[in-house]
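Undergrad: The structure under discussion is supplied below as structure tokens; questions concerning it will follow.
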Number of protein chains: 4
Amino acid sequence: MKKLLLDVDTGIDDAIGIILAAKRADVVGITTVNGNTSLDYATANTLKVLNLIGRTDIPVVRGADRPLLREPHFEVSVHGNDGIGGALKEMDAGEPASGFAPDFIIEMAQKHERELTLVLTAPLTNMALAIRKEPRLRDWVKEVVIMGGAVRVPGNITPTAEYNMYIDPEAAKIVLQSGLPITLVGLDVTEQTLLTDVEIGRMQGSPEGEFVKDSTGQYMKRYKEITGIHACAMHDPLAVGVALDRSFVRTGRLHVDVETNSDLCDGQTVADFSNWTGKQPNLDVCLEADSGRFIEYLVETMKM
Amino acid sequence: MKKLLLDVDTGIDDAIGIILAAKRADVVGITTVNGNTSLDYATANTLKVLNLIGRTDIPVVRGADRPLLREPHFEVSVHGNDGIGGALKEMDAGEPASGFAPDFIIEMAQKHERELTLVLTAPLTNMALAIRKEPRLRDWVKEVVIMGGAVRVPGNITPTAEYNMYIDPEAAKIVLQSGLPITLVGLDVTEQTLLTDVEIGRMQGSPEGEFVKDSTGQYMKRYKEITGIHACAMHDPLAVGVALDRSFVRTGRLHVDVETNSDLCDGQTVADFSNWTGKQPNLDVCLEADSGRFIEYLVETMKM
Amino acid sequence: MKKLLLDVDTGIDDAIGIILAAKRADVVGITTVNGNTSLDYATANTLKVLNLIGRTDIPVVRGADRPLLREPHFEVSVHGNDGIGGALKEMDAGEPASGFAPDFIIEMAQKHERELTLVLTAPLTNMALAIRKEPRLRDWVKEVVIMGGAVRVPGNITPTAEYNMYIDPEAAKIVLQSGLPITLVGLDVTEQTLLTDVEIGRMQGSPEGEFVKDSTGQYMKRYKEITGIHACAMHDPLAVGVALDRSFVRTGRLHVDVETNSDLCDGQTVADFSNWTGKQPNLDVCLEADSGRFIEYLVETMKM
Amino acid sequence: MKKLLLDVDTGIDDAIGIILAAKRADVVGITTVNGNTSLDYATANTLKVLNLIGRTDIPVVRGADRPLLREPHFEVSVHGNDGIGGALKEMDAGEPASGFAPDFIIEMAQKHERELTLVLTAPLTNMALAIRKEPRLRDWVKEVVIMGGAVRVPGNITPTAEYNMYIDPEAAKIVLQSGLPITLVGLDVTEQTLLTDVEIGRMQGSPEGEFVKDSTGQYMKRYKEITGIHACAMHDPLAVGVALDRSFVRTGRLHVDVETNSDLCDGQTVADFSNWTGKQPNLDVCLEADSGRFIEYLVETMKM
Ligand SMILES: [Ca+2]
Ligand SMILES: [Ca+2]
Ligand SMILES: [Ca+2]
Ligand SMILES: [Ca+2]
């Protein structure tokens, strides 16, 4: 079984990603960060999801309560006040483990040297802090899979920026320029990877299925307003999927940088397809996904 | 016949656009500007092309010899030292008309009130200066067609910027925010509109055809190095085509702004497809082109 | 007598500068621009001031009605709605001469080659447009004196920016980098050059003196709120004074650039006193003024 | 005795500051960071200085080896290759304590709650990382004294920026906006606080005095080239002095922000003396120093 560490801002699709990872991999821990929702909500939601699936053995460690330089920015209209659309209200959250997420990431990376895949499905603040603390992460980590960015499609919070990149672009810049072996799972592929009522129907009968139904209601409504499609993009679960099985996507090796100094383009992931910059590629960027197969895999997993 | 005024930095594809316009429209004048090549070369090339086709009656007026704020930047590898790949070396250039391009644009716009279409196939310095001098241009000009930008495809000088926008992004910002009725003919459609050896072969037998063959040699070679295709994108001629017959393209009405403050994204035309910014649309942006029909039209015209 | 052309956004202190120039020099014309007040008010105020002093023979030519890239920004609390604190309400304005200020600047510079001093006491939009139209200005103009900037003292509209530079920093950049022989008369010296009730009292008995009293009332009140001193800084008159007699100031030759890309520092004039940048000096910057002598000279002139 | 924690990039004047602090206060530890010299040199130098004065009991903890977002930038011409002008070459460095500087800062701040003064005489990377890890620092720390910035005088690495601010402006922004009780000891006062050959002569006879003489040779030479004065500005020692005895300086309470997005002004500390921004003051900024008394105090201390 693959060893994964998840960094999340749970978040509806983080939650589904957590369930997927917990059922299909050896999750050595989950770190939380400010993002879709506050650090407190993200942490409580993560603990509740683990309680729901009976996996309170997985340690949850709190991280940064705000971006490196910028103010937090919540998208209440998408994820609800609590980040998971009001689901799991009655569920007991319990307490997180002690410690600080970046320290925990470093500790696990050293402990599971060259065996650990980090799956980052939130603003990259924790990972940036870990990189600045421990340059040897580059040697210790097997792979980093990031849900974030958009290289050939528009953004989902500004015309050019994806949410995780936009919230903490300075952190993103640190991570993308770190020399770590990174795969970027951006909107180019995640927006093609849709969960609809049909698949949600097929999941019913299990607590996981009910949670997916409860939590995605508002999200799908808002998504329909923007895109016209009543569905729920599996952004974060696809990143977990790529960590589990690379064959779900086709990637290109590209130089990618993040804009941090522009009113118009902050958080944009600028990919250099024609090598205009002359810079070396630094990322594997997902360009296509076998979305149908992944969604099938996700539905099957939720029924496991 | 439509009345056109062309603003050019001739330039191989500007030259082809000039020939197309001269044969199909009432060209009231041509203004020149620094861009692909220096103002001096751009002016001489324009005069030579008009001499080639026996249309020295069309006045040519010089404009800005550099961008508003930035230094000139020539792409010698694409257009050659002289801007037209060494063609028309022996042709007599003659003298331009007196005056300054922005003044001439204003004069013609007032003279042909609501009848004149401006076709801008170069950095937008002249037009920006004209707008700042005469706010009433907005009432006088019928339509502005701009070759420039890239809204869903990468740039052709940086990862995100098209050449004309990149050279003078401040001028582009002034023009795009001017309230004038603008159609943007960007790389999204011009890069699909390719002239190959087959069409160039069909043009032979006329001086125009020979000029196209002579001038495009180096351009096609360089284009092949970048894209793998031995062809010549008809950037500027397509803009003339759109001015002559709007049905060559399908457009969308969008808010578009130009980045001017970023090392990474300067000159990028940021189109807001999902109205994330909440701003009113300001441009008709070409999203698709009937390239085959246009190329056929171009070939036929060159044989006229 | 020195030949001067003034570029103004009249404005209380522009008005006093105009009177000073008209009495002490051969003023070949005055151009107006958007700044402290709108182009319309600036033009009407200028015409009224000339009417007041019986100099309607001096041509007034309208220029840019807004900055190159930015929106206009008026400081009503300083200069009043009309720019001159409600003075000259009943005075007849008459009509400006035809033409566009940048064209007129070029025409006069060519006509009075190497004899003409330009005194610019407003945002530099007109001058920037003139420079981009006619590169030979560099050879034609004798000297340019600019009221603007602050090199060792804080700004007067943001912590670091002086008003004229802040309103159109892109224009300022064009002018300061133009290679023209420029003397910068900034807040370092103009804020030391104060007119108080004592001097205003000494001016009474002439229409000019009454105008100074009427127009400066609100200005002095506002100035006292900010600085605690009931006085009126002679920003623009000092620039005229420097054009008339260089010995009013001590200057240093420095490299100065203007910030245009920063939320915090836009419009700041960055002077390189220790040559950290390694760049050649481009300006004579006023570092000290013989303010007492200039104020005396001003009072005497107003009584002439 | 006051409890101090020093954060240093030793560096000649850091070294003198360390000696001053060790003799006059209870130094609970010293953290090192990339700055004038590499993290490795800064750490070794710090250990050597402590060895020199027989205070190897003070723990030294390594921190960040580079700025948050930018590349390191060493001023070899000022501080020499090794940061201390080649002094203490033969001195044994020993080993630093284990741990990471930001963690150690947090640990000490909690342990000595409301008793600890942090004296930061280097780029602010460590402190920024500590603040992002532990928001409660704001409650735990008694005072923060920072050597950095320049509010009414030019910079010492660019026209507007002081070195510590310039090297990691993003870290500086985090620290200055943190809400911690900060006193800024900038070039406005440190450049007035000069050690000359006279005082260095008076220190001779002790190992500390010899070290000062050895280490400052190159620094004073370079300083003379720039300023014409053969002396050594006591930047970092003055910050230690202010932490020990506030009466060495007169401060003003001001809003100060750091520029991070400008080619021209990066690292500039913009102080709002007239409240143009309308923002609340966040720092006590040193505006004047009793330099003579401090230098006397420093000389006496070195002889202790
Ligand atoms: Ca997420
Ligand atoms: Ca062109
Ligand atoms: Ca003025
Ligand atoms: Ca230091």
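Undergrad: Could you look through segment B:135-145, keep only residues that are surrounded by fewer than 19 Cβ atoms within 10 Å (Cβ to Cβ) and either modelled with pLDDT under 95 or within 14 Å of chain C (Cβ to nearest Cβ) (or both), and pick out the one that is farthest from ligand 3 (Cβ to nearest atom)?
TA: That would be B:138.
Undergrad: Turning to a different aspect of this structure: Mind listing whichever residues of segment D:20-47 are within 18 Å of residue D:128 (Cβ to Cβ) and among the hydroxyl-bearing types (Ser, Thr, Tyr)?
TA: Listed by number, the residues that qualify are D:31, D:32.
Undergrad: When segment D:45-59 is examined, which residues are found to be touching a residue at least 12 places away in the same chain (Cβ under 8 Å) and closer than 21 Å to residue D:103 by Cβ?
TA: Narrowing segment D:45-59 to residues touching a residue at least 12 places away in the same chain (Cβ under 8 Å): D:45-53, D:55-56, D:58-59.
The answer is D:46, D:47, D:50, D:58, D:59.
Undergrad: OK, next. Could you list, in sequence order, all residues of segment B:212-232 that are more than 14 Å from every other protein chain (Cβ to nearest Cβ) and in contact (Cβ under 8 Å) with a residue 24 or more places away in the chain?
TA: Filtering segment B:212-232 for residues more than 14 Å from every other protein chain (Cβ to nearest Cβ) gives B:212-221, B:230-232.
Within segment B:212-232, B:212, B:214, B:215, B:216, B:217, B:218, B:219, B:230, B:231, B:232 meet the criteria.
Undergrad: Pairs needed: first member in segment D:1-29, within 14 Å of another protein chain (Cβ to nearest Cβ) and hydroxyl-bearing (Ser, Thr, Tyr); second member anywhere, part of a strand (DSSP E or B) and within 16 Å of ligand 4 (Cβ to nearest atom); C-beta distance under 6 Å; at least 6 residues apart or different chains.
TA: none
Undergrad: Scanning for something within 16 Å of ligand 4 (Cβ to nearest atom), under 14 Å from residue D:120 (Cα atoms) and modelled with pLDDT under 95, does segment D:12-21 turn up at least one residue?
TA: yes
Undergrad: Hey, can you tell me all the residues within segment B:151-187 that are among the small types (Gly, Ala, Ser) and surrounded by 24 or more Cβ atoms within 10 Å (Cβ to Cβ)? Reasoning before the result, please.
TA: Restricting attention to segment B:151-187, the residues satisfying the condition of being among the small types (Gly, Ala, Ser) are B:155, B:161, B:171-172, B:178-179, B:186.
Across segment B:151-187, the qualifying residues are B:155, B:161, B:171, B:172, B:186.
Undergrad: Have a look at D:161, D:172, D:150 and point out the one that is among the aliphatic types (A, V, I, L, M) and assigned to a helix (DSSP H, G or I).
TA: Working: D:161 fails: assigned to a helix (DSSP H, G or I); D:150 fails: assigned to a helix (DSSP H, G or I).
D:172 is the lone residue from the list that is among the aliphatic types (A, V, I, L, M) and assigned to a helix (DSSP H, G or I).
Undergrad: Also, quick follow-up: Would you point out the residue of segment A:60-80, among those that are more than 14 Å from chain D (Cβ to nearest Cβ) and in contact (Cβ under 8 Å) with a residue 40 or more places away in the chain, that is surrounded by the most Cβ atoms within 10 Å (Cβ to Cβ)?
TA: Filtering segment A:60-80 for residues more than 14 Å from chain D (Cβ to nearest Cβ) gives A:60, A:73-80.
Keeping just the survivors that are in contact (Cβ under 8 Å) with a residue 40 or more places away in the chain gives A:73, A:75, A:77-80.
Values: A:73: 16, A:75: 16, A:77: 12, A:78: 20, A:79: 26, A:80: 22.
Per the stated criteria, the residue is A:79.
Undergrad: As an exercise: evaluate residue C:236 against (1) more than 16 Å from ligand 3 (Cβ to nearest atom); (2) more than 14 Å from chain D (Cβ to nearest Cβ) and give the number of the one condition it does not meet.
TA: Result: residue C:236 passes all but (1).
Undergrad: Let me ask you something else. Given the condition in contact (Cβ under 8 Å) with a residue 12 or more places away in the chain and closer than 24 Å to residue D:276 by Cα, answer yes or no: does some residue in segment C:243-257 qualify?
TA: Yes, the conditions are met somewhere in segment C:243-257.
Undergrad: Also, I was wondering about something else. Among residues belonging to segment B:265-294 that are hydrophobic (A, V, I, L, M, F, W, C) and either crowded, with 21+ Cβ neighbours inside 10 Å or within 21 Å of residue C:70 (Cβ to Cβ) (or both), point out the one that is farthest from the other protein chains (Cβ to nearest Cβ). Walk me through it before giving the result.
TA: Here is the first cut: in segment B:265-294, the ones hydrophobic (A, V, I, L, M, F, W, C) are B:265, B:270-271, B:273, B:276, B:283, B:285-287, B:289, B:294.
Adding the requirement that they be either crowded, with 21+ Cβ neighbours inside 10 Å or within 21 Å of residue C:70 (Cβ to Cβ) (or both) leaves B:265, B:270-271, B:283, B:285-286, B:289, B:294.
On the way: B:265: 5, B:270: 5, B:271: 7, B:283: 13, B:285: 12, B:286: 17, B:289: 19, B:294: 24 Å.
Among those that are hydrophobic (A, V, I, L, M, F, W, C) and either crowded, with 21+ Cβ neighbours inside 10 Å or within 21 Å of residue C:70 (Cβ to Cβ) (or both), it is B:294.
Undergrad: Mind listing whichever residues of segment A:172-198 are more than 14 Å from chain D (Cβ to nearest Cβ) and closer than 11 Å to residue A:131 by Cβ? Working first, answer last.
TA: So the first thing to find is which residues in segment A:172-198 are more than 14 Å from chain D (Cβ to nearest Cβ), and the list is A:180-198.
Selection gives A:180 alone.
Undergrad: Restricting to segment C:104-140, name every residue that is in a helix (DSSP H, G or I) and within 21 Å of residue C:66 (Cβ to Cβ). Don't jump to the end; show me each part of the working.
TA: Taking segment C:104-140 as the starting set, the residues that turn out to be in a helix (DSSP H, G or I) are C:104-111, C:125-133, C:137-140.
Hits for segment C:104-140 are C:104, C:105, C:106, C:125, C:126, C:127, C:128, C:129, C:130, C:131, C:132, C:133.
Undergrad: Could I ask something else about it? Kindly evaluate residue B:175 against the criterion of being touching a residue at least 40 places away in the same chain (Cβ under 8 Å) and either touching a His at 6+ places or on another chain (Cβ under 6 Å) or under 28 Å from residue D:263 (Cβ atoms) (or both). First the steps, then the outcome.
TA: Numbers: touching a residue at least 40 places away in the same chain (Cβ under 8 Å): yes; either touching a His at 6+ places or on another chain (Cβ under 6 Å) or under 28 Å from residue D:263 (Cβ atoms) (or both): yes.
Spelling it out, residue B:175 is indeed touching a residue at least 40 places away in the same chain (Cβ under 8 Å) and either touching a His at 6+ places or on another chain (Cβ under 6 Å) or under 28 Å from residue D:263 (Cβ atoms) (or both).
Undergrad: How many residues does segment A:201-220 hold that are farther than 19 Å from residue A:10 by Cα and in a helix (DSSP H, G or I)? Write out each step before concluding.
TA: Filtering segment A:201-220 for residues farther than 19 Å from residue A:10 by Cα gives A:201-206.
Remaining after also requiring in a helix (DSSP H, G or I): A:201-203.
Of the residues in that region, 3 qualify.
Undergrad: Before we move on, is residue B:202 in contact (Cβ under 8 Å) with a residue 24 or more places away in the chain, under 21 Å from the mean Cα position of the chain (by Cα) and surrounded by fewer than 20 Cβ atoms within 10 Å (Cβ to Cβ)? It would help to see each step written out before you state the result.
TA: Details: in contact (Cβ under 8 Å) with a residue 24 or more places away in the chain: yes; under 21 Å from the mean Cα position of the chain (by Cα): no; surrounded by fewer than 20 Cβ atoms within 10 Å (Cβ to Cβ): yes.
Judged against the criteria, residue B:202 is not a match.
Undergrad: Still on this structure: Please find, within segment C:94-133, the residue that is farthest from ligand 2 (Cβ to nearest atom) out of those that are within 14 Å of another protein chain (Cβ to nearest Cβ) and over 18 Å from residue C:176 (Cα atoms). Spell out how you get there, then give the answer.
TA: Quick first cut of segment C:94-133, residues within 14 Å of another protein chain (Cβ to nearest Cβ) only: C:98-107, C:110, C:123-133.
If we keep only those that are over 18 Å from residue C:176 (Cα atoms) as well, we get C:98-101, C:103-104, C:107, C:110.
Values: C:98: 35, C:99: 32, C:100: 28, C:101: 31, C:103: 27, C:104: 32, C:107: 32, C:110: 32 Å.
Across segment C:94-133, the extreme among qualifying residues is C:98.
Undergrad: Name the single residue, out of those in segment D:22-36 being β-branched (Val, Ile, Thr) and within 15 Å of residue D:126 (Cα to Cα), that is nearest to ligand 3 (Cβ to nearest atom).
TA: If we filter segment D:22-36 for residues that are β-branched (Val, Ile, Thr), which is where we start, we get D:27-28, D:30-33.
Checking which are within 15 Å of residue D:126 (Cα to Cα) leaves us with D:30-33.
On the way: D:30: 54, D:31: 52, D:32: 53, D:33: 48 Å.
Among residues in segment D:22-36 that are β-branched (Val, Ile, Thr) and within 15 Å of residue D:126 (Cα to Cα), the one nearest to ligand 3 (Cβ to nearest atom) is D:33.
Undergrad: Quickly run through segment D:272-288 and pick out the residues that are in a loop (DSSP other than H, G, I, E, B), within 26 Å of the chain's Cα centre (by Cα) and of a type outside the set (D, E, K, R).
TA: Here is the first cut: in segment D:272-288, the ones in a loop (DSSP other than H, G, I, E, B) are D:272-282.
Imposing the further condition that a residue be within 26 Å of the chain's Cα centre (by Cα) reduces the set to D:272-273, D:280-282.
Listed by number, the residues that qualify are D:273, D:280, D:281, D:282.
Undergrad: Name every residue in segment B:23-35 that is crowded, with 24+ Cβ neighbours inside 10 Å and over 11 Å from residue B:46 (Cβ atoms), in order of residue number. Break it down stepwise before answering.
TA: Restricting attention to segment B:23-35, the residues satisfying the condition of being crowded, with 24+ Cβ neighbours inside 10 Å are B:30-35.
Those that are crowded, with 24+ Cβ neighbours inside 10 Å and over 11 Å from residue B:46 (Cβ atoms): B:34, B:35.
Yes or no, residue by residue, for (1) modelled with pLDDT of 95 or more; (2) away from ligand 4 (no atom under 16 Å from the Cβ); (3) on the phi < 0 side of the Ramachandran plot; (4) of a type in the set (A, V, I, L, M, F, W, C):
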residue	(1), (2), (3), (4)
B:75	no, yes, yes, no
B:78	no, yes, yes, yes
B:87	no, yes, yes, yes
B:92	no, yes, yes, no
B:121	yes, yes, yes, no
B:147	yes, yes, yes, yes
B:172	yes, yes, yes, yes
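Undergrad: Mind checking which residues of segment C:188-200 are of a type in the set (S, T, N, Q) and either under 18 Å from residue C:46 (Cβ atoms) or in a helix (DSSP H, G or I) (or both)?
TA: So in segment C:188-200, the residues of a type in the set (S, T, N, Q) come out as C:190, C:192-193, C:196.
The one that is of a type in the set (S, T, N, Q) and either under 18 Å from residue C:46 (Cβ atoms) or in a helix (DSSP H, G or I) (or both): C:190.
Undergrad: Can you pull out the residues in segment D:226-257 that are within 22 Å of residue D:35 (Cα to Cα) and in a helix (DSSP H, G or I)?
TA: Once the filter is applied, which keeps residues that are within 22 Å of residue D:35 (Cα to Cα) and in a helix (DSSP H, G or I), segment D:226-257 yields D:226, D:235, D:236, D:237, D:238, D:239, D:240, D:241, D:242, D:243.
Undergrad: Then there is this: Which of the strands (runs of 3 or more DSSP E) contained wholly in segment A:1-103 include at least 2 residues that are within 26 Å of residue A:193 (Cβ to Cβ), in contact with a strand residue (DSSP E or B) (Cβ under 8 Å, 6 or more places away or on another chain) and within 15 Å of ligand 1 (Cβ to nearest atom)?
TA: Numbers: elements: A:3-8, A:26-32, A:60-62.
The qualifying strands (runs of 3 or more DSSP E) are A:3-8, A:26-32.
The values are calculated or read from the model by the stated rules, or taken from the named source; none is laboratory data. All values derive from a computational prediction rather than experimental measurement. Ideal geometry is used to build each Cβ from the backbone, glycine not excepted, and the neighbour counts take in all protein chains shown.
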